[in-house]
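I have a structure here, written as structure tokens, and I will follow up with some questions on it.
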Amino acid sequence: MRLRAIAFRFTAVNPAAKRLRIVFVVVPCIFMIAMLVLPALNGLILSFDHNGPSLANYKILFDDSMFWRALANNLLVPFGSVIVEFVLGLALALALTARRSRSAIIETAAILPFAIPEIVILTLARYIFMPRGYLNGAIAMTGMHLLPWLSPRSSLAMFTVIVVDAWHVTPIVMLMLMAGLQTIPDELYEAARLDGAGTFATFRFVTLPMLTPAIVGALILRGIDALRIFSTVLVLTGPEGVPVLSTYSYGLWDDAQKPHEAMAASMILALMVTMIGVGGLVAARRFSRDDGALA
């Protein structure tokens, strides 16, 4: 009788649990469709709408040299930024995890750039790099020529954008790599010391292989996010200083009052982010199957 009563309760609760699971699946799906899919479809339709459905808006973009410049910068700036973030983030992660007594002040200082609002970081960076800014003031005191850090169409302006973007987001990469370093068993380092391995050999044969999953994850996540760069370029150099697809689209929409062409540029950016993101996830999954290090 007792088992029969338990079975009855289970069968009574089970349909309610199924309905609850359906609610928790359907409601987020409806929300995602309403907030993401429908606006994206509307933007796609708008990008093809030029006195009737056509590819005229995309043809106008392809004939514009500024579009190709923005497209190239949208690959070069994120690539450079991710490289800088990875090198600095790895160096900081190794330095902080290697300390026996970790200082809260040092860790806070390393994380602080990301904790500060982005507009504050960018405003500060503009005061540093502007023609009469703090950096050129320090250079003038040494008697050297001033440098056009934010000059339009210059490689120095692109370098400045890369450095500022990396400065703001490096703490995220550092935290991801620190989390990966803390999962490496101490026994591996002890075994390396007993085998007489030096610092470089230990890093190459112990730390780096064990840290590879965290490195892959950090590079994929930051690489996808870096493709959406917008405010850094807009605040430092303006829409035409170091144009990327987001600022190019913004200029078409707000300044040129060409919403159809602006939406076409946005669709190209969305397609590029999606393709690179899916490619990165596929590469990570293949790496996990081949290496067995990632779940």
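The values are calculated or read from the model by the stated rules, or taken from the named source; none is laboratory data. Since the model is a prediction, treat every value here as computed from it, not as a measurement. We place every Cβ from the backbone using ideal geometry, glycine too, and count neighbours over all the protein chains shown.
Mind telling me which of the residues ALA191, ALA140, ALA214 ends up being in contact with a Leu (Cβ under 7 Å, 6 or more places away or on another chain), among the small types (Gly, Ala, Ser) and farther than 25 Å from PHE114 by Cβ?
Of ALA191, ALA140, ALA214, the one residue that is in contact with a Leu (Cβ under 7 Å, 6 or more places away or on another chain), among the small types (Gly, Ala, Ser) and farther than 25 Å from PHE114 by Cβ is ALA140.
Just name the residue that is surrounded by the most Cβ atoms within 10 Å (Cβ to Cβ) out of those in segment 143-175 that are over 17 Å from PRO113 (Cα atoms) and touching a Leu at 6+ places or on another chain (Cβ under 8 Å).
Here the answer is TRP149.
So for segment 91-106 (the condition being among the β-branched types (Val, Ile, Thr), closer than 22 Å to VAL216 by Cβ and in the same structural domain as THR170 (by TED's automatic domain parsing)), does at least one residue qualify? Quick ask: steps written out before the conclusion?
Step one: filter segment 91-106 for residues among the β-branched types (Val, Ile, Thr), giving 97, 105-106.
In the following step, the residues that additionally are closer than 22 Å to VAL216 by Cβ were identified as 97.
Now narrow it down to the ones that are in the same structural domain as THR170 (by TED's automatic domain parsing): 97.
The answer is yes; a qualifying residue exists.
Do the conditions hold for PRO152, that is, is it in contact (Cβ under 8 Å) with a residue 60 or more places away in the chain and either closer than 30 Å to GLY238 by Cα or in contact with a helix residue (DSSP H, G or I) (Cβ under 6 Å, 6 or more places away or on another chain) (or both)?
Values: in contact (Cβ under 8 Å) with a residue 60 or more places away in the chain: yes; either closer than 30 Å to GLY238 by Cα or in contact with a helix residue (DSSP H, G or I) (Cβ under 6 Å, 6 or more places away or on another chain) (or both): yes.
Yes; evaluated as a whole, the condition is true for this residue.
Continuing with the same structure: Condition test on ARG222, is it of a type in the set (D, E, K, R) and within 25 Å of PHE79 (Cβ to Cβ)?
Judged against the criteria, ARG222 is a match.
Oh, and also: Restricting attention to segment 248-268, which residues are aliphatic (A, V, I, L, M) and either over 15 Å from PRO39 (Cα atoms) or touching a residue at least 60 places away in the same chain (Cβ under 8 Å) (or both)?
LEU252, ALA256, MET263, ALA264, ALA265, MET267, ILE268
Going by the conditions given, is VAL282 touching a Lys or Arg at 6+ places or on another chain (Cβ under 7 Å), β-branched (Val, Ile, Thr) and in a helix (DSSP H, G or I)?
Judged against the criteria, VAL282 is not a match.
Out of the residues in segment 176-187 meeting the condition of being more than 28 Å from ARG228 (Cα to Cα) and of a type in the set (A, V, I, L, M), tell me which one is surrounded by the fewest Cβ atoms within 10 Å (Cβ to Cβ).
Result: ILE184.
On to the next question. Just one of the numbered conditions (1) exposed (fewer than 12 other Cβ atoms within 10 Å of the Cβ); (2) under 19 Å from THR237 (Cα atoms) is not true of GLU190; which one?
GLU190 satisfies all of (1) exposed (fewer than 12 other Cβ atoms within 10 Å of the Cβ); (2) under 19 Å from THR237 (Cα atoms) except (2).
Among the numbered conditions (1) at pLDDT 90 or above; (2) part of a loop (DSSP other than H, G, I, E, B); (3) in contact with a Gly (Cβ under 7 Å, 6 or more places away or on another chain), tell me where PRO243 comes up short.
(3) is the only condition that PRO243 fails.
Looking for whichever is touching a residue at least 60 places away in the same chain (Cβ under 8 Å) and at positive phi here; the options are GLY238, GLY217. Which one fits? It would help to see each step written out before you state the result.
Numbers: GLY217 fails: at positive phi.
Checking each option against the conditions leaves just GLY238.
Does ALA70 satisfy the condition of being touching a Pro at 6+ places or on another chain (Cβ under 6 Å) and either in a helix (DSSP H, G or I) or in contact (Cβ under 8 Å) with a residue 60 or more places away in the chain (or both)?
Numbers: touching a Pro at 6+ places or on another chain (Cβ under 6 Å): yes; either in a helix (DSSP H, G or I) or in contact (Cβ under 8 Å) with a residue 60 or more places away in the chain (or both): yes.
So ALA70 fits the description; yes.
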